[in-house]
1. Exactly one condition in (1) buried (at least 21 other Cβ atoms within 10 Å of the Cβ); (2) farther than 25 Å from residue 168 by Cβ; (3) within 16 Å of ligand 2 (Cβ to nearest atom); (4) without any contact (Cβ under 8 Å) to a residue 60 or more places away in the chain is false for residue 107; which is it?
2. Would you say residue 9 is more than 16 Å from ligand 1 (Cβ to nearest atom) and in contact with a Ser or Thr (Cβ under 7 Å, 6 or more places away or on another chain)?
3. Run residue 235 past the list (1) surrounded by fewer than 24 Cβ atoms within 10 Å (Cβ to Cβ); (2) in contact (Cβ under 8 Å) with a residue 24 or more places away in the chain; (3) not β-branched (Val, Ile, Thr) and report the number of the one that doesn't hold.
4. Filter the stretch 37-87 down to residues that are farther than 22 Å from residue 200 by Cα, of a type in the set (D, E, K, R) and touching a strand residue (DSSP E or B) at 6+ places or on another chain (Cβ under 9 Å), then give me how many there are.
5. Within 13 Å of ligand 1 (Cβ to nearest atom) and surrounded by fewer than 22 Cβ atoms within 10 Å (Cβ to Cβ): does that describe residue 76?
6. Which condition number in (1) within 15 Å of ligand 2 (Cβ to nearest atom); (2) over 28 Å from residue 34 (Cβ atoms) is the one that residue 200 fails?
7. Within the stretch 26-53, track down each residue that is more than 15 Å from the chain's Cα centre (by Cα) and in contact (Cβ under 8 Å) with a residue 40 or more places away in the chain.
8. May I ask you to verify whether residue 14 is in contact with a Phe, Trp or Tyr (Cβ under 6 Å, 6 or more places away or on another chain) and farther than 20 Å from residue 162 by Cβ?
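Each reported figure results from applying straightforward, stated rules to the coordinates on display, with no laboratory input. These numbers come from a predicted model, not from an experiment. Glycine also receives a Cβ, built like all others from the backbone with ideal geometry; neighbour counts cover every protein chain displayed.
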Amino acid sequence: MSFKVKFWGVRGSIATPSPRHIAFGGNTSCLEIAMGGERIILDAGTGIRNLGHWFLKKDLRRAHLLLSHTHWDHINGFPFFSPAFRKDRHFHIMAGHLHAHGGIRTVLSSQMANPTFPVPLAVMGAKLDFEDFRAGDKFNIGRSIKVRTAALNHPDGATGYRLEYRGKSVCYITDTEHVIGKPDEKILALIEGADVVIYDATYTDDEFPGKIGWGHSTWQEGVRLCRQAGVKMLMIFHHDPDHEDLFMERLEAEARQMWPHALVARENMRLNLL
Ligand SMILES: [Zn+2]
Ligand SMILES: [Zn+2]
């Protein structure tokens with residue numbers, strides 16, 4: 001009956017393994033959600049490598065992997081997800097924006113192909129089920145987890161998720177770009193009344209005008225959306241690689257001043273919803 005979230009990677013764009021990124025973390029996007037007897041992994045950035053070690057240690061044999069999209073920082077840990085090389089494991093892999101590109105299996109196969117990667121997807125011994133849906137679709141996982149999705153505003157497309165279980169909800173909204181002064185109606189509808197919203201806050205409002213068209217948003221826009229939608233808590237996520245720990249500490253203080261229900265996601269952070 002639990003509903004737990006763990007952040008295995010919180011960085012955007014590229015991993016930042018440096019002493020100046022230790023406090024908030026250097027691995028790219030990957031979350032684990034244990035809910036209603038199921039395991040759901042959100043994105044396969046470099047953080048999924050450590051998650052894979054955890055799965056082996058705990059002998060966890062199955063999970064659903066939901067991908068926001070397939071830019072490098074969201075999939076390049078996948079070839080290093082060691083449980084996928086074990087025969088007695090089962091992973092159900094889903095994405096919502098890849099019909100025009102031959103589907104998720106084709107895209108992950110092309111990542112694991114020479115001359116850019118030596119081990120093909122076919123070598124993975126686990127049972128891998130691939131499923132493509134369309135961003136905006138709703139579906140269930142297991143008997144009791146409801147999933148709603150929405151298309152995000154990002155180059156090549158991306159999918160936002162809302163996961164609900166026993167009256168609690170977590171939304172995963174990355175990567176997405178906002179339009180200044182015009183809240184994204186699709187996101188507002190998806191996050192309405194949610195307990196936790198994890199949001200692409202790559203930039204600050206000050207930086208944003210120079211980054212229009214790059215496909216990302218700001219922590220201030222996250223606060224505005226969460227306030228308008230009656231959300232209980234904002235997790236600032238997908239940190240810019242150039243935002244070092246000192247910068248992030250200042251950012252968090254500023255964010256909490258603007259809205260006390262905002263927190264900056266750190267690698268290895270856990271949230272318990274049930
Ligand atoms: Zn990204
Ligand atoms: Zn992206």
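1. So the condition that residue 107 fails would be (1).
2. Numbers: more than 16 Å from ligand 1 (Cβ to nearest atom): no; in contact with a Ser or Thr (Cβ under 7 Å, 6 or more places away or on another chain): yes.
Spelling it out, it is not the case that residue 9 is more than 16 Å from ligand 1 (Cβ to nearest atom) and in contact with a Ser or Thr (Cβ under 7 Å, 6 or more places away or on another chain).
3. Exception for residue 235: condition (1).
4. Total meeting the criteria: 5.
5. So residue 76 fits the description; yes.
6. Going through (1) within 15 Å of ligand 2 (Cβ to nearest atom); (2) over 28 Å from residue 34 (Cβ atoms) one by one, residue 200 breaks only (2).
7. 35, 36, 37, 38, 50, listed by residue number.
8. Values: in contact with a Phe, Trp or Tyr (Cβ under 6 Å, 6 or more places away or on another chain): no; farther than 20 Å from residue 162 by Cβ: yes.
In short, no.
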